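Engineer: Pasting in a structure now, in structure tokens, and then I'll have a few things to ask.
The values are calculated or read from the model by the stated rules, or taken from the named source; none is laboratory data. From a predicted model like this one, the values you see are computed outputs, not experimental measurements. Note that we place each Cβ from the backbone using ideal geometry, even for glycine, and neighbour counts take in every protein chain shown. To get the accessible areas, we keep the full protein, side chains included, count just its heavy atoms, and leave off ligands, DNA and RNA. Shrake-Rupley method; radii C 1.70, N 1.55, O 1.52, S 1.80 Å.
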Amino acid sequence: MPLRNRVTPLSELVAEPGRGLVYGNRGCLHDADGRIRRRYAGRRWIACRLQFRGWRRAPLLQPGRFTELFFLDEATAFAAGHRPCALCRREDYNVFIARWRELHPGQHGADEIDEQLHAERVDPATRAHRLHRLPYGELPDGAFVVHDGVPKLVRGATLHTWSTDGYTAISPRPVAREAIVITPPSLLAVLGAGWDGAVPLLHPSAGG
């Protein structure tokens, strides 16, 4: 039976057999039997390489250890509110920090970054994923929106419907409309500045 450790753009955890192209965690979310009990544990939500220094992660969901999570690509991880890991993606993290300081001059360390991101990705009233509203014309490639009731990737003049296996249906990107945005605002700004990390930003099914 598939483990419930695939992450959707809305930061939900679902049970799917595939692992995607990006790995990460947000603390220990499972109990001693491997059942998911919470959406997150703490504010440090990170996105990692699938492989690093030959480290092995089997078996997954060990008691008392962090819950191993998997994302379709980094655009999905950003939408869910995860940032680059400082250990396995040090170069990406350093670039991310530099961009972050331009966005938030008073914030310097990981704790301050994670606090800001947590406020942008979690609705304080419901503890569900927080959504934002912006004009479609202001969204960079790699952003995620809720369109026709489902998460879709913004790519050029098109929207690509997300699934755990890849991107499927393509529809036109609205022009003169306000979007319901999934990706946290600070990570939108990082994408807008041009992001090219060590893990794939987009799954090959997005095209191009």
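Engineer: HN-Hα J couplings of the range 124-137 from phi, Karplus 6.51/-1.76/1.60, θ = phi - 60°, integer Hz, Gly and Pro as x?
Structural biologist: Result, rounded to whole Hz: x, 7, 9, 6, 7, 5, 7, 9, 10, 10, 8, x, 4, x.
Engineer: What is the spin-label model distance, in nm, from Ala198 to Gln51 if the labels are put 7 Å beyond Cα along the C-beta direction?
Structural biologist: Once both label points are built, they end up 1.4 nm from each other.
Engineer: Let me ask something additional. Calculate the spin-label point distance for Glu120 paired with Arg177, positioning each point 7 Å from the Cα along the beta-carbon direction, and give it in nanometres.
Structural biologist: Simple spin-label model gives 2.4 nm for this pair.
Engineer: In nm, to one decimal, how far is the Ala32 label point from the His108 one, both placed 7 Å along Cα→Cβ?
Structural biologist: Going from the Ala32 label point to the His108 one covers 4.4 nm.
Engineer: In addition: Using mean Cβ contacts within 10 Å as the protection proxy, how do 152-159, 86-93 order, highest first? Working shown, then result.
Structural biologist: Details: 152-159: 19.5, 86-93: 16.8.
Per-residue Cβ counts within 10 Å, averaged per peptide and sorted highest first, yield 152-159, 86-93.
Engineer: Can I ask one more? Based on the alpha carbon coordinates of the range 1-122, what radius of gyration and maximum Cα-Cα distance (Dmax) apply, in Å?
Structural biologist: Cα only, the range 1-122: 14.3, 46 Å (Rg, Dmax).
Engineer: Taking the inverse of the average 1/r across all pairs of different Cα atoms in the chain, what Kirkwood radius in Å do you get?
Structural biologist: Details: mean 1/r = 0.0579 Å⁻¹.
The Cα-based Kirkwood calculation yields 17.3 Å.
Engineer: Right, here's the next one. Any chance you could get the radius of gyration and Dmax over the Cα atoms of the range 93-136, in Å?
Structural biologist: For the range 93-136, the Cα-based Rg and Dmax read 12.4, 33 Å.
Engineer: On to the next question. Over the range 18-151, with the other protein chains present, what is the accessible area per residue in square angstrom, probe 1.4 angstrom?
Structural biologist: Values: 6620 Å² over 134 residues.
Spelled out: the 1.4 Å probe surface of the range 18-151, per residue, equals 49 Å².
Engineer: How would you rank 95-103, 187-195, highest first, on the average number of other Cβ atoms within 10 Å across their residues?
Structural biologist: Working: 95-103: 15.7, 187-195: 18.8.
Result, highest mean first: 187-195, 95-103.
Engineer: List every residue whose amide H lies under 5 Å from the amide H of Gly166, counting only residues 5 or more places away in sequence or on a different chain, with H placed 1.01 Å from N in the peptide plane.
Structural biologist: none
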